[in-house]
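Accompanying notes for the structure given below.
The values are calculated or read from the model by the stated rules, or taken from the named source; none is laboratory data. What you are looking at is a predicted structure, and each value in this text was computed from that prediction instead of being measured. As a convention, Cβ positions derive from the backbone with ideal geometry for all residues, glycine included, and neighbour counts pool all protein chains shown.
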Amino acid sequence: MDNRQVAEYLIQTMKEKGADMGECRVSSNVKTEVYYESGKISMVRSVLGASVGVKVLKDMKKGAIQINSAEKEALDKAVDDALAAAAFAKPDEAEGISDEVVTASFEKGPKVPDRDALYSAMRTFVDDVKRDYPKISFDSISTEHVASEVVYQNTNGVCLTNSNGVNGYGAMFMAVENGKSSSFNYFGETFTDFQQPLIERGLARTILSETERQIETRNLEGKFEGDILIPPNCLDVFLYYLQQNFLSDMVHIEGTSLWKDALNTVVAVPELTFACRPRDERLAANQPFTGDGYIAQNMNIIENGVLKNFTLSRYGAAKTGKARSANTGGYYVVEPGTKTKEELLASIPKGLLLNRFSGGSPGTNGDFTGVAKNSFLIENGKVTDAVSEVMVSGNLATMLKNITGISVETINDGNSILPWIKVSGIVISGK
């Protein structure tokens, strides 16, 4: 059976076995990968993946099962197991399924891998790095094509299909010279075609060059409050924390979100417009419908500093009495500012170029503390030494009101479109 037939079979089986309501999500993918390690291209392979998610409701009690087989026996058992789980669950009046009855299919990107292009792009990238960045030593590199299909159906008659194809690459590496090495660094990107050399994509050259400069590091003494310049590849981490801490289902259901009553109020500087855009045509990745069966729409989260939307699912909305959101997050886009990243850098007397943040999830109040990885000290408007063992701490909500610059330049990595952002009032501490 194909994915749609599997979904139809599951919906019919749910009805026959007595479920009041039910939904399923059937997905499959084929990943074609060229892999480089130990100084050579070591593997070319195709990997198949499959997943089947089943949810049933009986007397407003939920049972949910996830399996990776589409055999009829496994599907029958999944429905039985979901119903058995529902029998022991507590009733929840907020439970339900999508009632926007629609049938729709979506397609995007190349569905068939170009194996020659995958191999050639890898080979050229390795040669380019060896020529231009001789201190770089790769742990691994992969170029890949992923073709995927997702089918959502429910007992209300909703039927949604997304067929998607993307290319991408990722690399993990360090710099080595005279027996000394930098810490590990990495980057990756998702895209539709191989017209642009990998080394010219996104921040590849910047990160490779910076890594070579991280062999020698400087220990910072004491602590100070200063500015940080956050590049796009680190900004997405803070936006994810923002979504999880202030916008998502759980923090609103539990009532811990600082923004639970903040819709249409000022939460950031007026220069900030931040959106979740799962259907932005500029992005190689996409998500045309939500996991709970609604056609997704692009939406602004913060518009000119004003909070406009949360990222609530159907369940989160029903549980809290708030409106369901047009999508459930991710695919971040921040509108560009008016200054170049060089102008932002030049305006920092003392601070940090925060290339990577490594820390636990922020507290419910938005406080965060973590290690600045692959980062540099900024002194008198210039990037100076790479730093080690440096901690940064601050507050997510306060950060948004302490933004003092947004770059005109942005980077599209296929999953997000983000600028450089300058933030003041961050505590930077060494040993």
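Among the residues of region 291-302, which ones are more than 13 Å from Ala262 (Cα to Cα) and either assigned to a strand (DSSP E or B) or out of contact with any Leu (no Cβ under 9 Å at 6 or more places or on another chain) (or both)? Write out each step before concluding.
First pass over region 291-302, keeping only residues more than 13 Å from Ala262 (Cα to Cα): 291-300.
Result: Gly291, Asp292, Ile295, Ala296, Gln297, Asn298, Met299, Asn300.
Just name the residue that is surrounded by the most Cβ atoms within 10 Å (Cβ to Cβ) out of those in region 186-196 that are assigned to a strand (DSSP E or B) and touching an Asp or Glu at 6+ places or on another chain (Cβ under 8 Å).
Among those residues, the one meeting the criterion is Glu189.
Just to be sure, is Ala117 under 30 Å from Gly170 (Cβ atoms), surrounded by 16 or more Cβ atoms within 10 Å (Cβ to Cβ) and modelled with pLDDT under 95?
no
Let's see how each residue does on (1) in contact with a Ser or Thr (Cβ under 9 Å, 6 or more places away or on another chain); (2) outside the structural domain of Thr143 (by TED's automatic domain parsing); (3) in a strand (DSSP E or B):
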{"site": "Leu10", "(1), (2), (3)": "no, no, no"}
{"site": "Glu23", "(1), (2), (3)": "yes, no, yes"}
{"site": "Ser27", "(1), (2), (3)": "yes, no, yes"}
{"site": "Val30", "(1), (2), (3)": "yes, no, yes"}
{"site": "Gly49", "(1), (2), (3)": "yes, no, yes"}
{"site": "Ala78", "(1), (2), (3)": "yes, no, no"}
{"site": "Ala86", "(1), (2), (3)": "no, no, no"}
{"site": "Glu95", "(1), (2), (3)": "no, no, no"}
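Which fully enclosed strands (runs of 3 or more DSSP E) of region 306-383 have 3 or more residues being within 30 Å of Asn219 (Cα to Cα), out of contact with any Lys or Arg (no Cβ under 7 Å at 6 or more places or on another chain) and modelled with pLDDT under 95? Outline the logic, then answer.
Details: elements: 332-334, 350-353, 356-359, 367-373, 376-379.
Where strands (runs of 3 or more DSSP E) fall fully within region 306-383, none carries at least 3 residues being within 30 Å of Asn219 (Cα to Cα), out of contact with any Lys or Arg (no Cβ under 7 Å at 6 or more places or on another chain) and modelled with pLDDT under 95.
When residues of region 366-417 are filtered for being more than 28 Å from Ile215 (Cα to Cα) and either among the aliphatic types (A, V, I, L, M) or touching an Asp or Glu at 6+ places or on another chain (Cβ under 6 Å) (or both), how many remain?
Residues flagged as more than 28 Å from Ile215 (Cα to Cα) and either among the aliphatic types (A, V, I, L, M) or touching an Asp or Glu at 6+ places or on another chain (Cβ under 6 Å) (or both) within region 366-417 amount to 11.
Out of Val371, Val334, which single residue is on the phi < 0 side of the Ramachandran plot, without any contact (Cβ under 8 Å) to a residue 24 or more places away in the chain and among the β-branched types (Val, Ile, Thr)?
Selected residue: Val371, the only one of Val371, Val334 that is on the phi < 0 side of the Ramachandran plot, without any contact (Cβ under 8 Å) to a residue 24 or more places away in the chain and among the β-branched types (Val, Ile, Thr).
Counting only residues that are surrounded by 15 or more Cβ atoms within 10 Å (Cβ to Cβ) and of a type in the set (D, E, K, R), give me the helices (runs of 4 or more DSSP H) lying completely in region 199-278 with at least 3 of them.
Those helices (runs of 4 or more DSSP H) span 204-212.
Which of the residues that make up region 105-131 are under 25 Å from the mean Cα position of the chain (by Cα) and of a type in the set (A, V, I, L, M)?
If the condition is that a residue be under 25 Å from the mean Cα position of the chain (by Cα) and of a type in the set (A, V, I, L, M), then Val112, Leu118, Ala121, Met122 are the ones that fit.
Taking Asp132 as the residue in question, decide whether it is more than 23 Å from Gly53 (Cα to Cα), at pLDDT 95 or above, out of contact with any Cys (no Cβ under 6 Å at 6 or more places or on another chain) and acidic (Asp, Glu).
yes
Scan region 74-114 for residues that are farther than 25 Å from Thr13 by Cβ and crowded, with 19+ Cβ neighbours inside 10 Å and jot them down.
Gly109, Pro113
Going through Thr320, Thr256, Thr290 one at a time, which residue ends up being at negative phi and within 21 Å of the chain's Cα centre (by Cα)?
Thr290
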